[in-house]
Amino acid sequence: MKTSPDQLKAYIEAPEGPQIEFKEASQNYHFEKLVDYCVALANEGGGKIIFGVTDRRPRRVVGTAAFVEPGRTEGGLFERLRHRVPVEELFTPDGERVVIVHVPSRLPGTAWNHNGRYLKRAGEDLVPLGDAELKAMFAEAGLDFSAEACPGATLADLAPEAIADFRARWARKAADPRRLQWTDEETLINAELLVDGRINYAALILFGARFALGRHLAQAEIVFEYRSSEASGPAADRQEYREGFFLIHDALWQRINLRNDRQSYQEDLFRMEIPTFDEIAIREGLLNAVAHRDYRLGGSVFVRQFSRRLEIVSPGGFPPGITADNILDQQNPRNRRLAEALAKCGLIERSGQGMNLMVESAIRQSKPLPSFAGTSAHEVRLTLEGMVDNPAFVRYLERLGDARLRSFSTHDFLALDYLRRDAVLPEVLKDRLPGLIEVGAVESVGRGRGTRYMLSHGLYAAIGAKGTYTRMRGLDHETNKSLLEQHLRQQGDNGAPLAELRQVLPALSENAVQRLLKELHEQGRVELKGLRRWARWFFVERKEK
C-alpha cells in the first residue's frame with residue numbers, strides 16, 4: 001500500500017471530511033488517541049490519518065517525529081484492535097517525513113471498539129456511538145440465529161454437567177469465584193442464553209442433551225471419520241457426536257489423539273518429538289467450525305482425519321466480508337450470541353484469535369500453513385497439515401526463547417516463515433522486519449533497494465547450520481562479483497558502463513553494484529577508465545606468476 005507523491009498532494013488539497021484526518025504532530029502523538037481515532041474512522045467507513053501535515057487550509061507538510069517505527073505501531077494497533085491497520089512512512093522530495101495510517105472499514109454487521117467504547121467523530125471530538133446506531137450496525141448482518149428462542153425448548157433439554165463446566169470456566173476467566181454460586185438458571189440468564197424465560201439456540205448448541213438436539217436442532221452435529229488412505233469407501237472409524245459442545249469437545253480431541261503419531265528428530269544430543277496433530281490448533285479449528293457454521297443449513301460438521309492431515313468441513317461459506325486472504329485481520333461472527341458465550345468462558349476470543357493461533361502453531365512446528373483450499377459459497381474447508389518440514393527451524397525458534405516468542409505477533413511469525421522458505425516477502429510483512437532485526441531473529445544483507453533479509457547468524461550457528469548461513473549470505477556476495485567479472489570479460493575491449501552492469505544484477509541498487517565493483521578493483525580484477533558519463537569498466541587479465 002504505497003502512496004505516491006501525487007496521491008499525497010491530492011489528499012492534502014482535498015477537504016478534510018469523512019475519509020481523511022490531518023494531524024500536525026510535529027513531535028509526537030499519543031498512541032491511545034491513535035487507537036481511538038482508528039476505531040472512529042472504521043465505524044464511519046474507513047479512511048486515512050495523515051501525520052506531518054497541518055490541518056488548516058492551506059495545508060502544509062511540516063513533517064512528523066511521531067511513530068518512528070511504523071512496523072511496531074502497526075503491531076500495537078493489531079494487538080489492541082485485532083484488526084490490521086497498515087501504517088506507512090514516506091518522505092517528500094523536500095525530505096519531510098509523513099506517516100499515513102490506512103484504516104479499513106468495519107465489516108457489515110460489526111462495529112469496532114476500544115476497551116468496550118464504540119466511537120465516532122463529532123467535529124474535533126470523539127464520542128460514543130448511540131444505542132440506536134449500534135443496533136442498526138449489528139442488524140446489517142441479518143438476524144443472529146443463535147440468539148433466537150428455540151420453540152418448545154426448556155431447561156430440561158440442557159445437561160446440568162455442561163452448564164456447570166461453563167460456569168466454572170467463566171468464573172476462572174473472570175477471576176470471580178462468586179459466579180460458582182449461581183444456579184443453572186442464573187448462569188444462563190447472565191450469559192443471555194435464557195431470555196424472557198425462553199432457551200435460545202446458542203444454549204442448545206453448547207449444552208443440549210442428545211435427545212434435545214435430535215428433536216430441536218439435529219444439524220448441530222459433528223461427524224468424525226478416520227481414513228487410513230485416500231481411497232473412497234467407508235471410513236476405518238466413524239463416530240457421530242450429537243450433543244452440546246461442552247459434552248463432546250474433550251471426547252472428540254481424545255479420539256483424534258488416539259492416532260496422533262509423534263515425529264522424532266535427533267541431532268547430536270538434541271532430541272525433539274513433535275505431534276502430528278497439535279492440540280491447540282485442532283481445538284481452535286473445531287471451535288471455529290462450531291461457532292461460525294451456518295445452522296440454517298441442514299448439514300453436519302465433518303472432521304476427517306488422515307495419517308498426516310486433518311480436514312474440518314463446516315456448512316455455510318465465509319461470513320460476509322471474510323475471505324481466506326483477510327481472515328487473520330478481519331472478524332465477522334455469524335453466530336454472535338454463541339461466540340459471546342464461548343468468549344465469556346475463555347474458550348475463544350471474540351477478537352478472532354483462533355485462526356492466528358492455528359497459523360502460529362503451524363509455523364512454530366515448521367508445518368505448512370492452514371489452508372482453505374476447496375472452500376466454496378456453501379462450505380468452509382479447513383486443512384491442517386501435520387508433517388514437519390524442517391526440524392532445524394523448530395530448534396531455531398526454540399533458541400529465541402519462549403518469552404521472546406510470546407511477544408511476537410502472528411505477522412512476525414509469518415515473516416520468519418517466509419524467510420525460512422526463502423520466499424519473497426509480501427509488502428504487508430516487510431514492516432515487521434525492523435523489530436525482528438532488533439531482537440536478533442533476522443539480519444539484513446546489502447543496502448538500499450538491494451537489501452535482502454535472512455535468519456540470523458547466531459541462530460544458524462546454534463543449530464549447527466553455519467554452512468547454510470555462509471551459503472545464503474557469503475556465497476551470494478561472491479557470486480554477484482563473479483557475474484560482473486564474467487560480463488566484463490565477455491565485453492573485452494569495449495568494456496561496460498555502470499548502467500549496463502546494473503542490468504546484470506537488477507535486484508541490487510546502484511550503490512550496491514558500485515561497492516562490488518570497488519571490491520573487484522581493489523583486488524585487481526577490473527579497472528575503470530574515463531570520467532562521469534564516459535566512464536566504463538574493463539576486465540583485467542591476470543598475469544601468471
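The values are calculated or read from the model by the stated rules, or taken from the named source; none is laboratory data. Keep in mind that what you see is a predicted model, and the values were worked out from it rather than measured. A quick note on method: Cβ atoms are made from the backbone with ideal geometry, for glycine too, and the neighbour counts reach across all protein chains shown. With ligands, DNA and RNA removed, areas are computed over all heavy atoms of the protein, side chains included. Shrake-Rupley method; radii C 1.70, N 1.55, O 1.52, S 1.80 Å.
Straight Cα distances below 26 angstrom link Lys529 to the lysines Lys481, Lys518, Lys543, Lys545, with same-chain residues fewer than 8 positions distant left out. The angle separating the long axis of helix 70-81 from the principal Cα axis of greatest extent in the chain is about 0 degrees. Separation of region 77-111 and region 237-299 by C-alpha centroid, Å? Measuring centre to centre over Cα atoms gives 36 Å. Pairs over the 20 Å Cα-Cα cut-off, from the set Lys33/Lys120; Lys33/Lys344; Lys367/Lys430; Lys135/Lys173: Lys33/Lys344; Lys367/Lys430; Lys135/Lys173. Based on C-alpha pairs under 8 angstrom that are at least 6 apart in sequence, the chain has a relative contact order of 9 percent. For semi-axes √(5λ) of the Cα gyration tensor in Å, the candidate list reads [x] 39, 26, 22; [y] 34, 32, 20; [z] 52, 34, 19; the entry that matches the value derived from this model is [z].
Work out which GluC sites (Glu not before Pro) in the chain are exposed loop sites (DSSP not H, G, I, E or B, at most 12 other Cβ within 10 Å) and give the longest gap free of them.
Working: sites that count: Glu124, Glu230, Glu541, Glu544.
Result for the longest clean stretch: 231-540.
Axis of helix 476-491 versus longest Cα principal axis of the chain: the two differ by about 40°, to the nearest ten degrees. Note that the chain presents 50 Å² accessible area per residue, ligands and nucleic acids not counted, probe 1.4 Å.
Extension gain for the segment Val195 to Thr3, taken as residue separation times 0.36 nm less the Cα-Cα distance, is 64.1 nm to one decimal. Taking the charge dipole of region 1-153 about its Cα centre, with +1 at Lys and Arg Cβ atoms and -1 at Asp and Glu Cβ atoms, the residue from Gln7, Leu126, Val85 reaching farthest to the positive side is Gln7. Farthest toward the positive end of the dipole of the chain, out of Leu213, Leu405, Val445, is the Cα of Val445, where the dipole comes from beta carbon charges about the Cα centre.
Under the convention that each Lys and Arg Cβ holds +1 and each Asp and Glu Cβ holds -1, the size of the dipole of region 189-320 around its Cα centre is about 440 debye. Extents of region 299-382, largest first, come to 35, 30, 23 Å (Cα atoms, principal axes, whole angstrom).
Residues whose amide H lies under 5 Å from that of Glu221, counting only those 5 or more places away or on a different chain, are Val301; hydrogens are built 1.01 Å from N in the peptide plane. Once the Cα-Cα distance is subtracted from the 0.36 nm per residue extended length, the Asp131 to Arg406 segment shows a gain of 95.3 nm. Here the mean projected area of the convex hull built on the C-alpha positions of region 1-101 is 5.9 nm².
Looking at the chain alone, DSSP beta bridges between its own residues are antiparallel in about 85 percent of cases.
What's the extension gain from Glu527 to Arg452 if we count 0.36 nm per residue and subtract their Cα-Cα distance?
Working: separation 75, 0.36 × 75 = 27.00 nm, distance 2.75 nm.
Full-extension gain reported as 24.2 nm.
In this Cβ point-charge picture (+1 for Lys and Arg, -1 for Asp and Glu), the chain has a dipole of about 1360 debye about its Cα centre.
Quantify, in whole percent, the carbon and sulfur part of the accessible surface of the chain (1.4 Å probe; protein heavy atoms only). Don't skip to the answer; put the middle values down first.
Working: 13250 of 27020 Å².
With neighbouring chains kept in place, the figure for the chain is 49 percent.
Our summary gives region 99-148 a relative contact order of 37 percent, counting only alpha carbon pairs under 8 angstrom and 6 or more residues apart.
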